[in-house]
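As structure tokens, the structure follows; a few thoughts come after it.
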Amino acid sequence: MQTVTLPSGETVPALGQGTWNIGDRRDRRAQEIAALQAGMDLGMTLLDTAEMYGDGNSENLVGEALAGRRDEAFLVSKVLPSNASRRGTVKACEDSLRRLRTDRLDLYLLHWRGNYPLEETLEAFAQLQRDGKIRHWGVSNFDPGDMAELVSLEAGGEVSTNQVLYNLTRRGIEFDLLPWCRDRGIPVMAYSPIEQGRLLRQPALRKVAERHGATPAQVALAWTWRQGGVIAIPKAGSAEHVRENHGALSLQLSAEDFAELDRAWPAPTRRQPLEMI
């Protein structure tokens, strides 16, 4: 398994498992739990969820999937900005822990920038760390200005990651945010690395995949790791889909492949607003 190193020196899998839109349907519950467990069997032990996902349904499902296996996982969840006051962050974390059936999170993220001062949220993160309820903290959907403000704060330099939208069709962060984070040793977590499946129909991606006997999803995932420092967290609702994602780890794209993909989706040449979905 390829790994990415956090600022603390701890390594995590470069390929994790996202859980957005997982846990909402009872008829898919057993299949989705089996998918998460199959991914863990393959070394995809970083599991990403959030209190927002299905109003806690995703966390409940992840907690069930982790029964008896919590120590194998690197567990990530997020606090909504509307809950990100000092007291609200602590309560939100405790609620997430209850749904996840665990006593700690490995990484806790502010889901996006809200109205509460960052200092207040960081104070809550520090309290949660002191109490042993979270090990690391980070942010999500922060643009370069947000990140610069964050690290200027007294405790801001302890940020472990920034989770943002990043894939072949959403390359804006390559102009400024990704180099900024890389220079400071802050990994980026790429959510929706295959654009919620919309990338899979693109002819350029299919052409590269056919050349390697791979699938378009595997090419899209392998592309995200080409420069290091990126953790991809695709969602998979079945064990078969998980195994397909895992196959991306053995795919070696060539200079020709990267050039072909660049022609289809050029790298940014100017600053762009941070995209979110």
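Numbers for the structure displayed
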{"item": "Computed E for H212/D41 - FRET, C-beta separation, R0 22 angstrom, nearest 0.05", "result": "0.35"}
{"item": "Radius 15 Å from Cβ of L42, net charge of other residues (Lys, Arg +1; Asp, Glu -1)", "result": "-2"}
{"item": "Distance between region 188-204 and region 71-135 - C-alpha centres, whole angstrom", "result": "28 Å"}
{"item": "The chain: Lys pairs at Cα distance under 25 angstrom, eight or more positions apart or on different chains", "result": "5"}
{"item": "Label point distance in nm, R26-E174, each placed 7 Å from Cα along Cα→Cβ", "result": "4.6 nm"}
{"item": "For E10, net neighbour charge (Lys/Arg +1, Asp/Glu -1) across residues whose Cβ lies under 10 Å away", "result": "0"}
{"item": "Two-site FRET efficiency, T269 against A67, from Cβ-Cβ distance with R₀ of 51 Å, rounded to 0.05", "result": "0.55"}
{"item": "5 angstrom amide H check on G138, placed H, neighbours 5+ away", "result": "Y108, L109, L110, S160"}
{"item": "Rel. contact order, % - alpha carbon contacts under 8 angstrom, at least six apart, region 1-63", "result": "37 percent"}
{"item": "Over the chain: helical MRE at 222 nm, DSSP H runs n ≥ 4 each giving -39500 (n - 2.57), nearest 500", "result": "-11000 deg cm²/dmol"}
{"item": "F74 long-range amide H proximity, modeled H, under 5 Å", "result": "L46, L47"}
{"item": "Difference of contour (0.36 nm per residue) and Cα-Cα distance, E195 to T3", "result": "66.9 nm"}
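Every number in this text was worked out from the coordinates using simple rules, so none of it is lab data. These numbers were taken from a predicted model, which means no experiment stands behind them. Note: ideal-geometry Cβ built from the backbone for every residue, glycine included; neighbour counts use all protein chains shown.
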